[in-house]
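Visitor: Mind having a look at this structure? Questions to follow.
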Ligand SMILES: Nc1ncnc2c1ncn2[C@@H]1O[C@H](COP(=O)(O)OP(=O)(O)OP(=O)(O)O)[C@@H](O)[C@H]1O
C-alpha cells in the first residue's frame, strides 16, 4: 500500500523549496525492512526498488550506489585520513571549526543529558569535529565505532547515511534506522544540515544523531525527530551567518589595517613637508592639518573640526570666493597674528568628477619669502660669490673688502661706487651672502630696462592692469627680494620720477603693484651700484638728493684695476687657471713681455677687460706660452702707444733706460724664439717688421 501522508516540512534556505518529511509509520518501517532484505539478497532489481513507495527515491538511489561500491551492510572497514592530509584539511576549514567548536561545547552537556551526538563533517564525510562517542548498538552491546575526528564516514565506506546524502543533495536530510545502509546504523536516527559557503558550495555538514530509544512511529518520537531537523538546520544557518560575518570582519580588518597604514604613511609624509597643509570642508571648517600647518595657524588639537579658516586670513571674502569657485588658485595672504605673508595654494576636492561640486579643499601655506627665494634662485638670480671669491692682495682691494665686510653685517642700504668692470656686482653678492645667504638676491640693471617697463618690473602689477601684461599679474623685483637683497645696478640711470617712488618704498618698506589697491609689506636691503659721479648728478639735479643720502649711508669705493699693483698679475693668473680648468686645457705660461704689459697697461675696462683679454689669449695662443700677439688688438695697440708715450714723456734717464732695456730684451727674446725670423718676431712683438729693423739698428742687435 502506498504511503503518502506528509507530517511535517521545512523550507530549504538554499533552494527556498519546502522539504517534506514523511512520517515513519509501522507499516512504512516494515515495508522498508522487507524491501531492503529483498534488495540485499538480490531478490528485487533496481527498478523495483526505485518504484517502492515506502522508500524515498534518493535513499533508494543511494542504496544502489552503496551496493555498487561494494559496501558490506554487515561489516564495514573504517578509514582514517592520513595525519598530514588531515592537518591540512583542518587548516583549510579553520574558520568553520572555530565557529562550530564553542557550539559543540555548549551542546556537549545537552548531548550527555539527552543522548544526542553532534558532529561536523566536511563534504566528503571526514569528521572535522567529533564527540568521541562510541556508538552502542544492539542491546546495549558496545561496538567499536568511534566518532572521532579524522575518521571518514562516507557512502563509499559505510553506504547510505544522512550526512553524505545531505552533502550530495545540498539540503537537510533525515534518516531513520533501516534507511541507513549499514546494519550498525539501523538503531540510530540522524538529522543532517549543510553549511553552504559564500561560493555556494557545501562547506561542511552538521549532524545530530541519537539512538532509537523507542519505535519510530511513536508520536513523541515523531515530534522529537522533527525538532531535531529544525534544530540542526537552524544551527547550520547560524553558522553560515557567522562565517559570513567572520569573513566580512576579516575583510574589514584587512581594510582597516591597510587604511591605518595609509593614514600613517600620509601623516608621515605630511609631517615631512615643511609647508603647512590644511584641509577644509566647503564652508572653510578645518578638518585636518599637518604639523607645520598647526604651527602657522597656532592650532591646538581641539581646534580641528571646530575652527574655520576664515578666522585666520585677513582678506576673508576674497579667500572664500576662491574656495567656493572650486578652481585651483594661489593667492598671497596675510595670516592673522603673524608677521609673514603666505602663498596659499587652493586645491579643490570635488564630490565627484562629473558635476564638479566642491566638497572640500586642500590648502598649502608656503612662506612667501621662501617661494620668492625659490623663484629667484630658479631664475638664476641667486648670489653665488662670497668675499673669498674676490681675488687680490693689494692694499686698495683689501681696504675695500674690509669695509664691505663691516657694512655687510648691518641691515642698512649700501652704495658701491666704482668704474665699470671693477667688481661692483661681485662685492654686492659677497655682501648679500655674508648677511643673508638664505634670502633671494634680485639684481636689476636700471640702465638696461626700458623706461616704460621699469616701474612694473620693480613694483609688479595686478592682473589685467595693462595690455600685454600677464592676466594673473606678477610680483615685482622688490616683492621678490623679500627677505633678501635688491641689487640696483647703474642706479644713476634710474628715471628721476621713479626715484621718488623708490625713496618712498625704502622709507615705508611697503609696495603696491601697478594697478593694485593694496600695500604689501616688504623686508629687503638695497645695494645700489654706479660708475657715475652721483654727487655731480645731484648738483646737476639729475639724481634726487634725498635718495642719494638714503642710499649712500654706507659707501664702498672699489678701486680701479690700474691702482691694484700686483693684483693685476694675480688676477691674470687666476683667470687663466680658472678658464683652462673649465675647458680642460693645460695652463699656459705668460711671456715676460705679456707680464710687463699686464703691469703697465691702464686696463680702462678693469677686471672684466683683463678677464676677457685672458680668455681671448688662451683661445688664440697655440703654444704653452701666452705672447703679446695673442692679446686682443685694442690692448696691443693701446699698449704700444702707452709705451711710446712713456718713452716720450718721461725724460728721466733712468726711466728711459729701463724702458729701452725692456724693449731691447723683448726683441732679443722674440728673435731667439723665432730663430732670427724677423717677420715672425715682429708678429710676436705685435709691431711692424720695419719697426723691428729700426730697433735692431738702434740697439745694435745682430741677427
Ligand atoms: N677681485 C676680483 N676677483 C675675481 N673676479 C673678479 C674680481 N673683480 C671682478 N671680477 C670679475 O670681473 C667681472 C666683472 O665684475 P662685475 O660685473 O662685478 O663688475 P661691475 O663693476 O659690476 O661691472 P659693471 O659696472 O659693468 O656692471 C666678473 O666676471 C667678476 O667675477
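The values are calculated or read from the model by the stated rules, or taken from the named source; none is laboratory data. Keep in mind it's a predicted model, so treat the numbers as computed, not measured. FYI the Cβ positions are ideal-geometry reconstructions off the backbone, even for glycines, and counts take in every protein chain you see.
Visitor: Where in the range 153-233 are there strands (runs of 3 or more DSSP E), lying wholly inside it, with at least 2 residues that are within 60 Å of the chain's Cα centre (by Cα)?
Guide: Counting at least 2 such residues, we get 188-196, 202-211.
Visitor: Right, next: What number of residues within the range 588-606 satisfy the criterion of being under 53 Å from the mean Cα position of the chain (by Cα) and more than 14 Å from residue 619 (Cβ to Cβ)?
Guide: Residues flagged as under 53 Å from the mean Cα position of the chain (by Cα) and more than 14 Å from residue 619 (Cβ to Cβ) within the range 588-606 amount to 2.
Visitor: Only one of these conditions is not met by residue 658: (1) at pLDDT 85 or above; (2) part of a helix (DSSP H, G or I). Which number is it?
Guide: (1)
Visitor: Would you mind stating whether residue 410 is away from the ligand (no atom under 16 Å from the Cβ) and either loosely packed, with under 14 Cβ neighbours inside 10 Å or free of Cβ contacts under 8 Å to residues at least 24 places away in the same chain (or both)?
Guide: yes
Visitor: Mind counting the residues in the range 598-616 that are away from the ligand (no atom under 14 Å from the Cβ) and either in contact with a strand residue (DSSP E or B) (Cβ under 6 Å, 6 or more places away or on another chain) or not in a loop (DSSP other than H, G, I, E, B) (or both)?
Guide: Summing the residues that are away from the ligand (no atom under 14 Å from the Cβ) and either in contact with a strand residue (DSSP E or B) (Cβ under 6 Å, 6 or more places away or on another chain) or not in a loop (DSSP other than H, G, I, E, B) (or both) in the range 598-616 gives 4.
Visitor: Ok, one more. Residue 349: modelled with pLDDT of 90 or more and closer than 26 Å to residue 331 by Cβ, yes or no?
Guide: Spelling it out, it is not the case that residue 349 is modelled with pLDDT of 90 or more and closer than 26 Å to residue 331 by Cβ.
Visitor: Can you find even one residue in the range 521-530 that is within 16 Å of the ligand (Cβ to nearest atom), part of a loop (DSSP other than H, G, I, E, B) and touching a residue at least 40 places away in the same chain (Cβ under 8 Å)?
Guide: no
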